[in-house]
Amino acid sequence: MEVLGIDIGGSGIKGAPVDTNKGTLIAERHRIPTPQPSTPENVIEVVGQIATHFDWNGPIGCTFPAVVKRGVVYSAANVEDEWIGTPGQQMIQERTGCPTFLLNDADAAGYAEVQFGAGKDRDGVIMILTLGTGIGSALFVDGILVPNTELGHVYLHDVDAEERASNRAREAEDLSWKKWAKRLDEYLLHIESLFSPDLFIIGGGVSKKHEKFLPRLTVKTEVVPAKLRNEAGIIGAALAAQSLV
Ligand code: BGC
């Protein structure tokens, strides 16, 4: 079936219709810079513009970089605080007139990777970690998601892990790959000790450069780069929204 997938990020809001049977985009993705300030009103308006761009009149799956339960946003680590308590799903539905499912961005990327990417045909406990502005996490047990795990916020050296091991931290502190890989390794060892996963999938833009850091990791669990890269959010959001039909 065809579902419009939309991925709300800190710098861009991207969308494309998705063939959910194949896990592929049906049309070229459309990107609009995230409005500043990224208040609920401004962001929902852009989501509406993306639906209009595709002349969309069907189900929509949409990601958001925070905790989302039953369509309501519950946290705001890297977005405006105004989002906390906002019924984002309902607002998109009202703006577009389309049935909508809103979910956490890493959870969406996880759906895409587990069904069509690096976690395809793998069972057991799979942990997807997206390393971008923050660190997003998605935990799957035999294909079933435990939503909103928020493992970018476990403490490492008295700060949120994402402040030390995200790609933003690497860039902001101008860390060498070696130094950053050490921090990432420390983080993965911690997560490994808590969850004993069977597989780590590393997503986010930095996964393109996996050869710079994966060989330096000492973690025992198998670690692989994500396959769907920057389309994972769009595809995963569409997969999650299939349940609406
Ligand atoms: C947020 C998560 C999100 C992750 C990646 C974190 O700061 O708390 O909800 O999945 O960033 O965007």
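The values are calculated or read from the model by the stated rules, or taken from the named source; none is laboratory data. In this text the structure is predicted, and so the values were computed from the model without any measurement. Note: ideal-geometry Cβ built from the backbone for every residue, glycine included; neighbour counts use all protein chains shown. In case anyone asks, the SASA skips ligands and DNA or RNA and just uses the protein heavy atoms, side chains included. Shrake-Rupley method; radii C 1.70, N 1.55, O 1.52, S 1.80 Å.
Measure off, as a whole percent, the carbon and sulfur share of the 1.4 Å-probe accessible area of the chain, all protein chains present.
Working: 5310 of 11140 Å².
Accessible surface attributable to carbon and sulfur in the chain totals 48 percent.
Given the whole protein assembly as supplied and a 1.4 Å probe, what does the accessible area of GLU150 come to in Å², nearest 10?
Solvent-accessible area, nearest 10 Å²: 50 Å².
What number comes out for accessible area per residue over the chain if the probe is 1.4 Å? Units Å², please.
Details: 11140 Å² over 245 residues.
So the chain comes to 45 Å² accessible per residue, rounded to a whole number.
Quick check: Cα centre of the stretch 126-143 to Cα centre of the stretch 53-122, how many Å?
If we compute the Cα centre of each part, the gap is 15 Å.
For a test of understanding, tell me how many lysine pairs in the chain have Cα atoms under 13 Å apart, given they are 8 or more places apart or on different chains. Don't skip to the answer; put the middle values down first.
Values: LYS22/LYS120; LYS120/LYS227; LYS178/LYS209; LYS178/LYS212; LYS179/LYS212; LYS182/LYS212; LYS208/LYS227; LYS209/LYS227.
Close lysine pairs under the 13 Å cut-off: 8.
Does anyone have the angle between helix 177-195 and the longest principal axis of the chain? Alpha-carbon axes, 0 to 90°, nearest 10?
Here the helix axis deviates by roughly 80 degrees.
Percent antiparallel among DSSP beta bridges with both residues in the chain, to the nearest 5? Before the final figure, lay out the partial values.
Details: 27 of 45 bridges.
The antiparallel proportion sits near 60 percent.
What is the gain in length, in nm to one decimal, between HIS153 and GLN90 on full extension, counting 0.36 nm per residue of separation less the C-alpha to C-alpha distance?
Working: separation 63, 0.36 × 63 = 22.68 nm, distance 2.73 nm.
Result: 19.9 nm gained on full extension.
Can you work out the FRET efficiency for the pair LYS212 and ASP55, with r the C-beta to C-beta distance and R0 = 35 Å, to the nearest 0.05? It would help to have the intermediate numbers written out before the result.
Values: r = 42 Å, r/R0 = 1.19.
Efficiency computed from Cβ-Cβ geometry: 0.25.
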